[in-house]
Amino acid sequence: MNLREHDQREDMKVWLSADEVDRLLAHVEEDTNHWLALSLAARCGLRSEEVTQVTPNDVKNTDAGPMLIVREGKGDKYRETPIPPGLKMSIDSAAQYRPEPDDHPVVTSRSDTAGVTTRTLRRWMKDAREELAQLEDDRWRHLTMHDLRRTWATHLKSEDVDALLVCDWGGWEDLETFLNAYRGTFTPEAQKREREKVEWL
């Protein structure tokens, strides 16, 4: 886990390692809605508002592999972003066993099948991070939904995915915004790889 201070706020930006993303998702996997919401942010780079709008109809097989259509991202901009096959399968499976039509939001609350709000997502994230902070490391308390998007982008870039393609998938209009705000550090995996080049580190 990497933390840095925000330039204009008092809280911290957080970047998770791949293992920490796995642990976060495993921590919430008993609740399908929590798991889907956090997975869409951590594995597809969705903003909170975008997570609330995903429907089964938005998941498509393409020549580039499974893609998630974001019909109205920030600024009402359309984009397509990769979705891991396992997450696609979970959405497809959930859609088969529910009475709502395929244009209904995937992430719902137990009491309301009309979907969730970004406030609900923030509450779910708070619950998860507080529990993980007690179980593991106090730094989990700084984690937000947006940090999952930040982590997603940084992991892609650290795996040498073309930065312009990351911008396209994430809905950033320019490379400078992406580099300054999202890929502001290196993943723990990239740091470890570089440290191994130095014998005394």
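Values computed for the structure shown
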{"item": "Magnitude of the charge dipole, the chain, Cβ model with Lys/Arg +1 and Asp/Glu -1, debye to 20", "result": "240 debye"}
{"item": "Chain lengthening between Ala26 and Asp174 when straightened (0.36 nm per residue, less Cα-Cα)", "result": "49.9 nm"}
{"item": "Stretch gain in nm, segment Lys77-Glu199, where the contour uses 0.36 nm per residue and the Cα spacing is subtracted", "result": "39.2 nm"}
{"item": "Computed accessible area, Asp103, all protein chains, 1.4 angstrom probe, square angstrom", "result": "100 Å²"}
{"item": "MRE, 222 nm, helices only [DSSP H, n ≥ 4, -39500 (n - 2.57), over the chain, to nearest 500]", "result": "-13500 deg cm²/dmol"}
{"item": "The range 1-139 - percent of accessible surface contributed by carbon and sulfur, probe 1.4 Å", "result": "44 percent"}
{"item": "For q = 0.08, 0.10, 0.20 Å⁻¹, Debye-computed log10 I/I(0) when each Cα of the range 1-151 counts as one equal scatterer", "result": "-0.22, -0.35, -1.31"}
{"item": "HN-Hα J in Hz across the range 164-175 - Karplus 6.51, -1.76, 1.60, θ = phi - 60°, x for Gly and Pro", "result": "5, 5, 4, 4, 5, 5, x, x, 8, 6, 9, 5"}
{"item": "Per residue solvent-accessible surface (Å²) - the chain, probe of 1.4 Å", "result": "57 Å²"}
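The values are calculated or read from the model by the stated rules, or taken from the named source; none is laboratory data. Computed from a prediction, not measured in an experiment: that's the story for all the values here. Every residue, glycine among them, receives a Cβ derived from its backbone with ideal geometry; neighbour counts consider all protein chains shown. Remember, those area values only see protein heavy atoms, side chains included, never the ligands or the DNA or RNA. Shrake-Rupley method; radii C 1.70, N 1.55, O 1.52, S 1.80 Å.
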